[in-house]
1. Let me make sure I get this right: for chain B, a, b and c are the square roots of the gyration tensor eigenvalues over alpha carbons, sorted descending. Under 1.5 in a/c it's rounded, otherwise prolate if a/b > b/c, else oblate. Which is it?
2. Taking only protein heavy atoms into account and a 1.4 Å probe, give the accessible area per residue of the protein assembly as shown in Å².
3. Considering the dipole of segment A:66-299 built from charges on the beta carbon (Lys and Arg +1, Asp and Glu -1) around the Cα centre, which of A:106, A:246, A:283 is farthest to its positive end?
4. Quick one: buried accessible area between B and A, total over both chains, 1.4 angstrom probe, nearest 100 Å²?
5. Using just the Cα positions, wrap the protein assembly as shown in a convex hull and report its mean projected area in square nanometres, one decimal place.
6. When the solvent-accessible surface of protein heavy atoms is calculated with a 1.4 angstrom probe, in what order do A:13, A:69, A:156 fall, highest first?
7. Sort A:233, B:123 from largest to smallest accessible area, using a 1.4 Å probe on the heavy atoms of the protein chains.
8. Under a crude label model (7 Å from the Cα following the beta-carbon direction), how far is residue A:261 from residue B:196 in nanometres?
Amino acid sequence: MAMSRMRRREALWFYLFVSPWVIGFLAFLLGPMISSIYLSMTDWDSFTPPEWVGLDNYVKLLTEDPVFWKALGNTFHYAAVSVPLGLLVGLWLANLLNKQVRGRKLFRTLVYLPTLVPLVAASLAFRVVLAPSGPFNDVLGWVGISGPQWLLDPSWVKYALILLSVWSAGSATVLLLAAMKGIPRELYEAAEIDGAGPVRQFWSITVPQLTPVIFFNLVMGLIAAFQVFSQVYILTPKASQPGTYNASQTTVPYLFDQAFSYYHMGYASAISWLLFAVILVFTLLAFRTTRRWVFYETEVK
Amino acid sequence: MATLVSTPAPRQQGEKRRDDEKRASEAPRVLRVFRATPFTYATLIVVSAILSTPLVFAVSIALSSDHTVTTNTFTIFPHEFQWENFTKVFGTDLPMGRFLVNSLVISVGSVIGQMVSSGLVGYAFARLRAPGKNVMFLIVIATMMIPTQITMIPQFILFKDLGWVNTYWPLIVPNFFSNAFNVFLVRQFVSRLPGELDEAAMVDGLGFFGIYRRIMLPMLWPVLIAIGIFTLTYTWGDFMGPLIYLNDESKMPLALGVQYITTTAVAGQPPPWNLVMVGSILLTLPMIAVYYLGQRYLYEMDISGGSAGVK
């Protein structure tokens, strides 16, 4: 089908206009992806020519590398606790802020403020807040709990990371609060006439109405949690400190170490593809199960 | 309970007020779920206090003397007010000023790159017709699923071969090639704009670039500013990118620089926590300012709040 001159000119301009994306896609995404697949099947220190090893890196990662499994397990643990906990806290705070509270703006600001703090600054602040004699343990001391060495004790480091993540539950709070404002008032009026109390109304109206937003935040939160890096890098002990290393290792910092500390470029590339697989599986799983518990308004109509 | 049945027809202001008054006399004005109890206030106060503690403590440390740092005798609320810490970091022994300038260069470059490229690409996807467009847009959407870790190593090799390690370029240049999420935002925004204006401009003989520059660009500002805010927030706080590419102290942006200071302490000495916290505050304040100045645009774009599901 021949195109008119006008249409051809339009198409030409289209390709010209999208060329930045096309070039970027080829140079910074597709090209690197292909090269990453190849690299993941090589042994390469980035100085001498890569040596083809086939699937050895993957086999080694999955069968012979306890640190990788430890890191993956830690990442799962972190994601599985921090994301739902953050959403629960966010839901709880949003529900409180949705009431007719005096000074709501001030409370909302104080809850949201932590999410504006860049991760590096927040991590550095938490290094002093969670220090053995820091304010967090001081507060625990007031109620008679002697706090652990959050950042040095291998079994507590993960919870330090989770605490930092829950500290910025404000972003979920604000999103959920905005969604709560959109719930039709009639639903609550009807429920009140039927004699349902506030708690019952929360679980039977508020939560079901919010499930699409909760679901969206859950998926995005999990994807982000699987890629946790800066806070781990800044808050947890380094590889040079023996004994504490594996306890707090997570996937992306492990990948980073393999690539940029040990120059195991092929091995690190293989880790990145396994990470991608994990993220993909979880995203698909989340979408597969949505129908069972996510309430979309269109279903009623 | 007739008042509970909503009337679909538009009502007069006065009529509505009378309705509300009637409702007020019949039922409590505030539904029980929305009523704040003393328990609500108590919880909010306690939670706000807990969430604010790290911030208050960071300020307290930033205002502490060096003696307090070495003896590790910090207090949650500031008891010393060493404001000179805020000028000391710009002195000769600490390159905080350098860090700030580096952050600014990288962030401004990235913001300009994203605004220019994503605007053009997003407009083309929304308005221009060409074979293969739909497939290309599907690819744009699909790329959002690829985690950055996949491309991190080959990209590093690429930039290393270009001799760009220890320069700003690896952190700035990719932004001039747009990004899937921003392209998506612009496309959605342009799709909602009325098409008459650019059609009329076309009839008047204005070329496609002319339409973009004269007609579209003035209308695109809200979405471009939103993209600018997102890019600025990301670049300003980015830690992993600078960590990979920059190892020369004089090239580091603030986000990497403040962390770097903590690693350079003399053995056996604690890091200069007061100055590190000053750096963290300097890193945080622009983000708070940007948020408050940009809030209006984000709400206009309707992306910061309710329609999060569209992301």
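1. Oblate.
2. Result: 49 Å² per residue.
3. A:106
4. Interface area, both chains combined: 8500 Å², rounded to the nearest 100.
5. So the Cα hull casts an average projection of 35.1 nm².
6. Ranked list, largest accessible area first: A:69, A:156, A:13.
7. A:233, B:123
8. Placing both labels 7 Å beyond Cα along the Cβ direction yields 6.4 nm.
The values are calculated or read from the model by the stated rules, or taken from the named source; none is laboratory data. Keep in mind the model is a prediction, meaning the values are calculated, not measured. Using ideal geometry, Cβ is built from the backbone for each residue, glycine included, and neighbour counts are taken over all protein chains shown. Side chains included, ligands, DNA and RNA excluded: accessible areas come from the protein's heavy atoms. Shrake-Rupley method; radii C 1.70, N 1.55, O 1.52, S 1.80 Å.
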